[in-house]
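The structure appears below as structure tokens.
The values are calculated or read from the model by the stated rules, or taken from the named source; none is laboratory data. The structure presented is a predicted model; accordingly, all values stated were derived computationally and were not measured. Every residue, glycine among them, receives a Cβ derived from its backbone with ideal geometry; neighbour counts consider all protein chains shown.
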Amino acid sequence: MPGTASTTDYSYLLTEQQAYAPTLAKSTAKERKEKLSRILRYLDDEQNTDRLLEALRSDLNKPEVESRLSELGPVYSHVNYIKRKLSRWMEPERISTPLAMLGTMNYVYKEPKGCALIIAPWNYPFNLAIVPVLYAIAAGCTVVLKPSEYSPATTEFMRVMFHDLFARNEIAVATGEAETSAALTKLPFNHIFFTGSPAVGKKVMAAAAENLASVTLELGGKSPCIVDDDVDLEKSARNVLWGKGFNAGQTCIAPDYLMVNDNIADQYVAALCRASQDFYGDDATTSDSYARIVSDKQFDHLTGLLEDALEKGAKVVCGGRHDRTTRSFAPTILTEVTREMKVMQEEIFGPILPVMTYNNLTEVVAFVNRLPKPLAFYIQANNRRIIKRLLAETSAGGTLVNDFFLSNANPALPFGGVNNSGIGKSYGYHGFRDFCNERSVVERKLLDLSMVYPPYTDKVRSLVRRIYRW
């Protein structure tokens, strides 16, 4: 059967998967691992890899290095990690038995939730679509995958891949515009995994509530980067500029704004500009080491943010070049930024980097905590007291100290946001659990509760009092 679906048969498709889900739920760890290996074998074929790299270049002009690092690499990493751990994850988990339940065995049984809907974004269109699918496979779920309409070439690659590798009643790819995603979320899936903006995430959650489906929402927000005055200026600035310039800033965990200690602000901004020059040359919009903005809509969003900031007094220190015909937008460093500007109120999701300054950490903590909780929080500092204080007095989905992006490079670490930046965690055991129902089981082995059956005599009441204290 084909691995894709037209816009007219989603209900039928879900019915097909619902019929197959009980059979899939009984699959063994060995069978699930083989399915994961099937995906890697497909990607190991150089022709398939070349097609994927070309699709990513077509959609986002992604340099090959960035595609291998952020799209292909994570898939291999997660598959290999899951294969090492899956047998143990699937085993029933023994739970200690309290004295009052003497004679019973208690454990947690991990069963697949059933039929999963995965809605993927366009910024890392392969990675952020395939990785959730890997964990759904590991858990024994069927999957309908809805890739983004803004990355059509990569979507077509995945459509063909899953058509070749899986029957439609197990994994299917649904294509279409935003209306397709909205229609899918109204169907009674058992679990919905969505990656995208907080605004759309709210709509997904509202639709899921109609069917009481569980959700994982990987969202975004304004991820801050705090720079202390004890950093190595050049090293730190290059680190920050790389984190912001990767994929042209179209990363949910990219640093959204900087707060730099007043003592080094001018020198640090100059170092950021030197880093941009070193990485991308005089004109990043023509660099073959730099991605492009995905769509006219996103390009217009960025130019709107920049224009609003400039009208309200912000200054472009370096960068600023952009060309709508090629959707190229150079890394742009802004100073004299205020919180009234849209660039400090909305998630940027592009290569504009506002720089603010601070005098003390109390000021930093107050500013960060006034905004919704971010997906990522970055600290560039060497002073352990400062690092510990920032960790203790702020909240975020994840935190990196003196680096970028590595929080989602380790498959064993949970990845996800908090409140406005997301609900639920993925990756590793957390990703497996996301697609599982943890079913509690109590099994009577010895004794019974007949001593507390009616009639409730004085002897029974006395016994219950003792049990209660236990």
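Within the stretch 251-268, being of a type in the set (A, V, I, L, M) and either surrounded by fewer than 17 Cβ atoms within 10 Å (Cβ to Cβ) or in contact with a Gly (Cβ under 7 Å, 6 or more places away or on another chain) (or both) holds for one residue alone: Ala254. Please verify whether the stretch 85-96 includes one or more residues that are touching a strand residue (DSSP E or B) at 6+ places or on another chain (Cβ under 8 Å), more than 16 Å from Ala129 (Cα to Cα) and assigned to a helix (DSSP H, G or I). Scanning the stretch 85-96, I find at least one residue that is touching a strand residue (DSSP E or B) at 6+ places or on another chain (Cβ under 8 Å), more than 16 Å from Ala129 (Cα to Cα) and assigned to a helix (DSSP H, G or I), so the answer is yes. In the stretch 387-400, the count of residues that are in contact (Cβ under 8 Å) with a residue 12 or more places away in the chain, more than 23 Å from Gly220 (Cα to Cα) and either of a type in the set (Asp, Glu) or assigned by TED's automatic domain parsing to the domain that holds Ala271 (or both) is one or more. When the residues of the stretch 250-279 are filtered to those that are assigned to a helix (DSSP H, G or I) and polar (S, T, N, Q), which remaining residue is farthest from Met344 (Cα to Cα)? Per the criteria, the residue is Gln277. Return a yes/no flag: does the stretch 140-154 have any residue that is in contact with a His (Cβ under 9 Å, 6 or more places away or on another chain) and within 21 Å of Gly428 (Cβ to Cβ). Yes, the conditions are met somewhere in the stretch 140-154.
Out of Val343, Val337, Val355, Val365, one residue alone is among the β-branched types (Val, Ile, Thr), in a strand (DSSP E or B) and touching a residue at least 24 places away in the same chain (Cβ under 8 Å). It is Val355. Which one is surrounded by the most Cβ atoms within 10 Å (Cβ to Cβ) among residues in the stretch 198-221 that are touching an Asp or Glu at 6+ places or on another chain (Cβ under 7 Å) and modelled with pLDDT under 95? Only one residue tops the list, namely Gly220.
Evaluate the following for Ala207: is it closer than 30 Å to Ile118 by Cβ, touching a strand residue (DSSP E or B) at 6+ places or on another chain (Cβ under 7 Å) and small (Gly, Ala, Ser)? Here the answer is no, as Ala207 does not meet what is asked. Considering the conditions (1) buried (at least 19 other Cβ atoms within 10 Å of the Cβ); (2) in contact with a Lys or Arg (Cβ under 8 Å, 6 or more places away or on another chain), Ser37 is excluded by exactly one of them, (1). A count restricted to the stretch 205-255 and to residues that are acidic (Asp, Glu) and within 21 Å of the chain's Cα centre (by Cα) stands at 1. Scan the stretch 401-431 residue by residue and report those that are without any contact (Cβ under 8 Å) to a residue 24 or more places away in the chain and polar (S, T, N, Q). Across the stretch 401-431, the qualifying residue is only Asn410. Looking across the stretch 426-456, the residues that are over 19 Å from Phe189 (Cβ atoms) and in contact with a Leu (Cβ under 9 Å, 6 or more places away or on another chain) come down to Tyr427, Gly428, His430, Leu446, Leu447, Met451, Val452. Kindly evaluate Leu187 against the criterion of being among the aliphatic types (A, V, I, L, M) and in contact with a Pro (Cβ under 9 Å, 6 or more places away or on another chain). No, not satisfied.
Okay, residues lined up against (1) in contact with a Cys (Cβ under 9 Å, 6 or more places away or on another chain); (2) free of Cβ contacts under 8 Å to residues at least 24 places away in the same chain; (3) closer than 21 Å to Ser37 by Cα; (4) not assigned by TED's automatic domain parsing to the domain that holds Thr23:
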| site | (1), (2), (3), (4) |
| --- | --- |
| Tyr124 | yes, no, no, no |
| Val143 | yes, no, yes, no |
| Ser148 | no, no, no, no |
| Thr154 | no, no, yes, no |
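Report yes if Arg292 is part of a helix (DSSP H, G or I) and not aromatic (Phe, Trp, Tyr), otherwise no. Taking the combined requirement at face value, the residue does not satisfy it. Of the helices (runs of 4 or more DSSP H) lying entirely inside the stretch 382-470, those containing at least 1 residues that are touching a helix residue (DSSP H, G or I) at 6+ places or on another chain (Cβ under 8 Å) and modelled with pLDDT under 90 are 458-469. Taken as a whole, the condition of being part of a helix (DSSP H, G or I) and surrounded by 16 or more Cβ atoms within 10 Å (Cβ to Cβ) applies to Gln17. Of all the listed residues (Ala271, Ala248), the sole one being surrounded by 24 or more Cβ atoms within 10 Å (Cβ to Cβ), touching a residue at least 12 places away in the same chain (Cβ under 8 Å) and among the small types (Gly, Ala, Ser) is Ala248.
One line per residue, one yes/no per condition, for (1) β-branched (Val, Ile, Thr); (2) surrounded by fewer than 14 Cβ atoms within 10 Å (Cβ to Cβ); (3) not assigned by TED's automatic domain parsing to the domain that holds Pro198:
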residue: Thr338; (1), (2), (3): yes, yes, yes
residue: Val343; (1), (2), (3): yes, no, yes
residue: Phe377; (1), (2), (3): no, no, yes
residue: Ala381; (1), (2), (3): no, no, yes
residue: Tyr427; (1), (2), (3): no, no, no
residue: Met451; (1), (2), (3): no, yes, yes
residue: Pro455; (1), (2), (3): no, yes, yes
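You will find that of Ile82, Ile130, the residue that is outside any strand (DSSP E or B) and under 17 Å from the mean Cα position of the chain (by Cα) is Ile130 and no other.
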